[in-house]
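A.B. asks: One structure, pasted below without further comment.
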Amino acid sequence: MADSLRSTGSSTGTTGKLAAAPARAAEALRSYRLIAGMWLRASLAYRTSFWLTTVGNGVTSVLDFVVIAVIFLHTPSLGGWTLPQVAFLYGTSGLTLGLADLLVGSLDQLGQRVRDGSVDVVLIRPAAALAQLSADRFALRRIGRVAQAAAVLAWALVQLRLDWTLPKLLVMVALVVCGTVIFSSVFVSGAAFQFFATDAAEVQNSVTYGGATMLQYPPTVFARDLVRGAVYGVPLAFVNWLPALYLLGVKDTLGLPGWFRFASPLAAALCATAAGLAWRAGLRAYRSTGS
């Protein structure tokens, strides 16, 4: 009888947690919106500084594409990819990373917050810690990177003259959404790692910003082991490499299963789940500064 009551109580508790999950998610989004809005109003208080910084970020990002364009002054293709095709990779990589950086980029400073003990302040507030830390110091000026990448992507699409069909439109939308989720998950996972190794910000940056730089170039210019790591390890290849094979009609020389081209939603879901578990483990392991 006691076992039956415990089983019933456990089942009821699990059901209650599942039912409360949407409410907790909505409250976390509300907290994020309020904190981000506060920082947005603060940044717009000095509009000249805001616009100068935003434009500066965009102009600085242009230099990355200039390097790629210079390469094509000396060769008609790079790893079998033309300039518009590589521009497509550049635009999608920069756009998805830029959106993720805009939304949760503040998490890369978590190690500093662990060292100075300010995470304690976050944990005693009646709001989700992840929402608070993601929205902290929300910087709309990062939109400059997004706008520059979107401009390059638009130019690439005009030059490519793709024959758009409904499946291609869906894959393109999924590329942007899922790519943003994948990069955001890497930001969250890297932040969770900083609960254990507080000086690991550069390790995180090597995967996020370094990974985005890698995705700007065709996979055919990299060693096969590196490409496999981007498929089966940290699945950054699902951000744009694999969907681009379908969208651009490029022959797959990597020998990967054909359905991988459409697996970005699955990769994004797995990354988000892994990031959530890593974040919970990091929070549970947090023991303040010890001072």
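The values are calculated or read from the model by the stated rules, or taken from the named source; none is laboratory data. Please read these numbers as outputs of a predicted model, since none were measured by experiment. Heads up, the Cβs are rebuilt from the backbone with ideal geometry, glycines too, and the neighbour counts pull from every protein chain shown.
A.B. asks: What number goes with the only condition from (1) of a type in the set (A, V, I, L, M); (2) closer than 30 Å to Ala128 by Cα; (3) at pLDDT 85 or above that Ala25 does not pass?
C.D. replies: (3)
A.B. asks: For Leu169, only one of the following conditions fails: (1) among the hydrophobic types (A, V, I, L, M, F, W, C); (2) touching a residue at least 40 places away in the same chain (Cβ under 8 Å); (3) assigned to a helix (DSSP H, G or I). What is its number?
C.D. replies: Condition (2) is where Leu169 drops out.
A.B. asks: Can you name the number of the only condition in (1) over 23 Å from the mean Cα position of the chain (by Cα); (2) over 20 Å from Gln159 (Cα atoms) that Leu110 fails?
C.D. replies: Leu110 satisfies all of (1) over 23 Å from the mean Cα position of the chain (by Cα); (2) over 20 Å from Gln159 (Cα atoms) except (1).
A.B. asks: Among residues belonging to the stretch 176-219 that are hydroxyl-bearing (Ser, Thr, Tyr) and crowded, with 17+ Cβ neighbours inside 10 Å, point out the one that is farthest from the chain's Cα centre (by Cα).
C.D. replies: If we take residues in the stretch 176-219 being hydroxyl-bearing (Ser, Thr, Tyr) and crowded, with 17+ Cβ neighbours inside 10 Å, then Tyr217 is farthest from the chain's Cα centre (by Cα).
A.B. asks: Which ones in the stretch 107-126 are crowded, with 17+ Cβ neighbours inside 10 Å, among the aliphatic types (A, V, I, L, M) and over 12 Å from Tyr286 (Cβ atoms)?
C.D. replies: Leu107
A.B. asks: Give the number of residues within the stretch 267-291 that are hydroxyl-bearing (Ser, Thr, Tyr), loosely packed, with under 12 Cβ neighbours inside 10 Å and over 19 Å from the mean Cα position of the chain (by Cα).
C.D. replies: The number of residues fulfilling the criteria is 2.
A.B. asks: Scan the stretch 266-291 and report the pairs whose first residue is of a type in the set (D, E, K, R) and whose second residue is at pLDDT below 95 and in a helix (DSSP H, G or I), with Cβ atoms within less than 9 Å and a gap of 6+ or a chain change.
C.D. replies: If the second residue must be at pLDDT below 95 and in a helix (DSSP H, G or I), the pairs left are Arg280/Ala192.
A.B. asks: Mind checking which residues of the stretch 154-166 are in a helix (DSSP H, G or I) and either within 23 Å of Phe260 (Cα to Cα) or of a type outside the set (S, T, N, Q) (or both)?
C.D. replies: Within the stretch 154-166, Ala154, Trp155, Ala156, Leu157, Val158, Leu160, Leu166 meet the criteria.
A.B. asks: Let me ask something else about it. From the list Ala45, Ala28, pick out the single residue that is loosely packed, with under 12 Cβ neighbours inside 10 Å, out of contact with any strand residue (DSSP E or B) (no Cβ under 8 Å at 6 or more places or on another chain) and over 30 Å from Leu157 (Cβ atoms).
C.D. replies: The conditions single out Ala45.
A.B. asks: Could you pull out the residue among Ala127, Ala151 that is within 20 Å of Leu99 (Cβ to Cβ) and either among the aliphatic types (A, V, I, L, M) or outside any helix (DSSP H, G or I) (or both)?
C.D. replies: Ala151
A.B. asks: Determine, yes or no, whether Gly249 is over 17 Å from the mean Cα position of the chain (by Cα) and in a helix (DSSP H, G or I).
C.D. replies: no
One line per residue, one yes/no per condition, for (1) assigned to a loop (DSSP other than H, G, I, E, B); (2) of a type in the set (A, V, I, L, M, F, W, C); (3) over 30 Å from Arg287 (Cα atoms); (4) out of contact with any strand residue (DSSP E or B) (no Cβ under 9 Å at 6 or more places or on another chain):
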residue	(1), (2), (3), (4)
Gly144	no, no, yes, yes
Ser184	no, no, no, yes
Val188	no, yes, no, yes
Phe196	yes, yes, no, yes
Glu202	no, no, no, yes
Met214	no, yes, yes, yes
Thr220	no, no, yes, no
Tyr232	no, no, yes, yes
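A.B. asks: Given the criteria in contact (Cβ under 8 Å) with a residue 12 or more places away in the chain and either of a type in the set (Ser, Thr, Tyr) or surrounded by fewer than 18 Cβ atoms within 10 Å (Cβ to Cβ) (or both), does Leu157 qualify?
C.D. replies: yes
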